[in-house]
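The values are calculated or read from the model by the stated rules, or taken from the named source; none is laboratory data. Nothing here was measured: the structure is a model prediction, and the numbers come from that model. Please note: Cβ atoms are built from the backbone with ideal geometry, for glycine as well, and neighbour counts cover all protein chains shown. Side chains included, ligands, DNA and RNA excluded: accessible areas come from the protein's heavy atoms. Shrake-Rupley method; radii C 1.70, N 1.55, O 1.52, S 1.80 Å.
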Amino acid sequence: MNHYLLSILLGIVEGLTEFLPVSSTAHLRLTESLLGIDLSNGFWKMYSIVIQLGAILCLPIYFRARIGKFVATLPQVLIACACTAGPAFLLTKVIGKHLESLVIMGWSLLIGGIVMWIVDALFGAPRAVGRHQIERVEETSLPQAIWIGICQIASAVFPGTSRSMSTIAAGQVAGMSRTAALEFSFFLSMPTMIAATGYDLLRTFHPKHGAEALGRMPIDGHEWTVLLIGFVISFIVALGVVAWFMNWVRQRGFAPFAIYRIIVGIAVLVWVMKG
């Protein structure tokens, strides 16, 4: 496939799945595998990192009118980040071992879908007075932030779990409404993913002594163009997805995404077993 068309396709996949609770990592890896991309290629590893950053950068644009409220929630967000980042850093070798495993991704998609479906059914709809203690993200408490950060570790260790799924489900269990849990997931993703992407870039430019670089930067105009296309496409698509997803969640729940995860997870496991 033409590299420019390939970049458009991968940018769309990243933009569509980064903020939906379906795991962008799994979808990007599955797409790359289906298209026959060499996952050990340094350029494509770097490409995956950069287009993820493109998707993440849409959040400050979308929430620009609410940055003040985000600042008010910043301490809780940073605490949640710390609860995730510390254990995730210590488990770096485990994460690297699982990163390309389609089996792990399949099981993570399947189990995560079941968990999300159950949690949304039990805690999603306001069936009783006082069921939702938190309707606004800025009211998130310190214990809730710690709980969400701990639950998010699963998404760092097991690709396919989905950072947003972990955050949303944990928030709902902790007493947050669907909208509040989703917004906290968005706010939490800004520092979390920018820091994670920055760390990956650092590992590329300055690998640890004796360690292999995570990826490599483009070496010619063609590769720079391919990278730029993916970055821009993922940004534009992700911006549209965030706006749509916010409106969807206000009126409906997460069950369709849970069902989708279960179907894709089963399909991936069947595909791997037959392969």
Practice task
For Ala238, indicate whether it is under 21 Å from the mean Cα position of the chain (by Cα) and surrounded by fewer than 17 Cβ atoms within 10 Å (Cβ to Cβ).
Solution key: no
Restricting the range 152-173 to residues that are more than 18 Å from Thr17 (Cα to Cα) and modelled with pLDDT of 90 or more, the one surrounded by the fewest Cβ atoms within 10 Å (Cβ to Cβ) turns out to be Val173
Of the residues in the range 7-46, those that are over 19 Å from Leu59 (Cβ atoms), modelled with pLDDT of 90 or more and touching a Gly at 6+ places or on another chain (Cβ under 7 Å) come to Ser7, Leu10
Within the range 85-138, restricting to residues that are modelled with pLDDT of 70 or more and among the polar types (S, T, N, Q), the one that is farthest from Val173 (Cα to Cα) is Ser101
Out of all the residues in the range 201-208, is one or more surrounded by 15 or more Cβ atoms within 10 Å (Cβ to Cβ) and either modelled with pLDDT of 75 or more or out of contact with any Leu (no Cβ under 6 Å at 6 or more places or on another chain) (or both)? yes
Apart from one, (1) open to solvent by 60 Å² or more (accessible area, probe 1.4 Å); (2) modelled with pLDDT of 80 or more; (3) touching a helix residue (DSSP H, G or I) at 6+ places or on another chain (Cβ under 9 Å) all hold for Pro75; the odd one out is (2)
Contact list, first residue from the range 49-68 and open to solvent by less than 40 Å² (accessible area, probe 1.4 Å), second anywhere and among the aromatic types (Phe, Trp, Tyr), beta-carbon distance below 6 Å, six or more apart or interchain, is Val50/Phe231; Ile51/Phe231; Gly54/Phe231; Gly54/Phe235; Cys58/Phe235; Leu59/Phe186
Inside the range 215-236, the number of residues satisfying the requirement of being part of a loop (DSSP other than H, G, I, E, B) and among the aromatic types (Phe, Trp, Tyr) is 0
### Task
Would you check if there is a residue in the range 136-146 being touching a residue at least 60 places away in the same chain (Cβ under 8 Å) and among the small types (Gly, Ala, Ser)?
yes
task = Evaluate the range 125-134: report whether one residue or more is part of a helix (DSSP H, G or I) and either closer than 26 Å to Ile259 by Cα or open to solvent by 20 Å² or more (accessible area, probe 1.4 Å) (or both).
result = no
Sole miss for Ser177 among (1) under 27 Å from Ile262 (Cα atoms); (2) under 15 Å from the mean Cα position of the chain (by Cα); (3) small (Gly, Ala, Ser) is condition (2)
Those residues of the range 28-41 which are open to solvent by 20 Å² or more (accessible area, probe 1.4 Å) and in contact (Cβ under 8 Å) with a residue 60 or more places away in the chain amount to Arg29, Ser33, Leu39
Next on the checklist: Being farther than 30 Å from Val268 by Cβ, in a helix (DSSP H, G or I) and of a type in the set (A, V, I, L, M): is that true of Ile146 here?
Outcome noted: yes
